[in-house]
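Asker: Got a structure for you, questions after.
The values are calculated or read from the model by the stated rules, or taken from the named source; none is laboratory data. Everything quoted here is computed from the prediction, not taken from an experiment. All Cβ positions, even for glycine, are placed from backbone atoms using ideal geometry, and neighbour counts span all protein chains on display.
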């Protein structure tokens, strides 16, 4: 069975950054990319808020830069999907594509999270062309324009408030006659003049050939359909961390986000570290994911150095 000193699962900003730091520390990291090589940024068009790109950059192009930088320092980047893990013993056993087992001294998890979508065809077709699941990432592109946002939780309220500072009007679509958000967040939304809340409202279709031009909504009580002219459409109904394969081994919250020790990327299992959106449900930004990828690699280096010192003392 192949033995790997530092195994990185996932190839978004967290995974590639971890690889860059681990490679430079001579840890000979191996990345298994997962099905979506490059992570969520592969579905993103213009990225303007990542430091170092003053003119902005396309998401896929930025991830290509990350990939090349990790390779430059010697990272072994492999296309493959981790289908099973056994963290009950050390070294850890990780199964790739259901057929190949590898042994890993340390594991950095960078599997990310996936946005939840409404499931309508136009949403997918216009994703990146007016449809977004991240107001902080893409709100700036709709400055002084009208946008709609779907959701009823704290995150949806936060994003609606964020958009209200940039956009001329925010149409907030709530599927029921009440919100799930905390009372204080609801009050902030209701007291913001340029946010209009539509109760008992579901999205029927996003309209526009190449970019978003309007949204057709339906009132769930009356069945009446209405067209609202907008330029941007934001989905804020939650994210699902890609952590199912770690259930039974790693501590996670009720939503599936991995729990790490405060101020670190260390999970409840020594030698397993979690970075990026798989453990971050608050910020979910490329730059914060990269930061925790850096942290994980530095912690792996220290962990392995401490293990080697222990072995030398025993010898």
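Asker: Taking the stretch 181-218 as the region of interest, how many residues are part of a loop (DSSP other than H, G, I, E, B) and either on the phi < 0 side of the Ramachandran plot or touching a helix residue (DSSP H, G or I) at 6+ places or on another chain (Cβ under 9 Å) (or both)?
Answerer: Of the residues in the stretch 181-218, the ones part of a loop (DSSP other than H, G, I, E, B) are 181-182, 191-194, 199-200, 208-213.
Pick out the ones that are also either on the phi < 0 side of the Ramachandran plot or touching a helix residue (DSSP H, G or I) at 6+ places or on another chain (Cβ under 9 Å) (or both) and you get 181-182, 191-194, 199, 208-213.
Of the residues in the stretch 181-218, 13 are part of a loop (DSSP other than H, G, I, E, B) and either on the phi < 0 side of the Ramachandran plot or touching a helix residue (DSSP H, G or I) at 6+ places or on another chain (Cβ under 9 Å) (or both).
Asker: Another question about this same structure. Quick one: is residue 256 surrounded by 13 or more Cβ atoms within 10 Å (Cβ to Cβ) and in a helix (DSSP H, G or I)?
Answerer: Answer is no for this residue.
Asker: Restricting to the stretch 1-21, count the residues that are assigned to a loop (DSSP other than H, G, I, E, B) and either over 12 Å from residue 71 (Cβ atoms) or touching a helix residue (DSSP H, G or I) at 6+ places or on another chain (Cβ under 6 Å) (or both).
Answerer: Qualifying residue count, the stretch 1-21: 3.
Asker: Answer yes if at least one residue in the stretch 158-171 is modelled with pLDDT of 95 or more, surrounded by fewer than 21 Cβ atoms within 10 Å (Cβ to Cβ) and assigned to a strand (DSSP E or B), and no otherwise.
Answerer: yes
Asker: I need a count of the residues in the stretch 229-253 that are out of contact with any helix residue (DSSP H, G or I) (no Cβ under 8 Å at 6 or more places or on another chain), surrounded by fewer than 20 Cβ atoms within 10 Å (Cβ to Cβ) and within 26 Å of residue 195 (Cβ to Cβ).
Answerer: 1
Asker: Out of (1) more than 30 Å from residue 3 (Cα to Cα); (2) assigned to a loop (DSSP other than H, G, I, E, B), what's the single condition that is false for residue 90?
Answerer: Every condition holds for residue 90 apart from (1).
Asker: Also: When you look at residue 116, is it surrounded by fewer than 16 Cβ atoms within 10 Å (Cβ to Cβ) and either within 21 Å of residue 283 (Cβ to Cβ) or not assigned by TED's automatic domain parsing to the domain that holds residue 31 (or both), yes or no?
Answerer: yes
Asker: When the stretch 22-50 is examined, which residues are found to be surrounded by fewer than 21 Cβ atoms within 10 Å (Cβ to Cβ) and not in a loop (DSSP other than H, G, I, E, B)?
Answerer: Correct list: 24, 42, 43, 46, 47.
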